[in-house]
């Protein structure tokens, strides 16, 4: 398993930031021929997940931040998901960690992303569902995808535990309020 590094923007060294931006440029601009403004004022508020390869390059990265800078909505966004080395499982590890960061550090109720159409299956493996029609962004077909988070807070807010077990050691019967 690849060692993943998780840092808020303010914790990144200049070398780490440079290598993250270099990797994103190499994939999006050079490989995919996508001319766009990468520096979009979201990096400063993001938590960055990345890993190094043996050559000292960032082998893959992504960022997690509040969608539309709106903490109150509870929707985290994952973006700028790239890997230099394909077929090594790095992307899956990064995405899994990104979901973990959104759920555990940001306490997001929902996680949102915009996926290139060819990568729908990759994101679906981590529980994301398509929530839009295909749209074009920078000449590449994309879809919007979401994953609902139903962690402990959701569970305790939406289930009643007022029934007692009939016998000692028996699990309580639950009344599911939101079915």
Just grab the label-to-label distance for residue 14 and residue 104, each label 7 Å out from Cα along the Cβ direction, in nm (one decimal). 3.3 nm
Cα gyration tensor category, rounded, prolate or oblate, for region 1-153 with a/c compared to 1.5: rounded
Assuming a ≥ b ≥ c are the square roots of the Cα gyration tensor eigenvalues, decide whether region 60-120 counts as rounded (a/c under 1.5), prolate (otherwise, with a/b larger than b/c) or oblate. prolate
Within region 109-124, which residues have the backbone N less than 13 Å from the label spot 7 Å out from residue 144 along Cα→beta-carbon, could you tell me? 111-115
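Just so you know, all these numbers are worked out from the coordinates, no wet-lab data involved. Only a predicted model underlies this, so the values are computations on that prediction, with no experimental measurement involved. Neighbour counts are summed over all protein chains in view; Cβ atoms, including those assigned to glycine, are modelled from backbone coordinates with ideal geometry.
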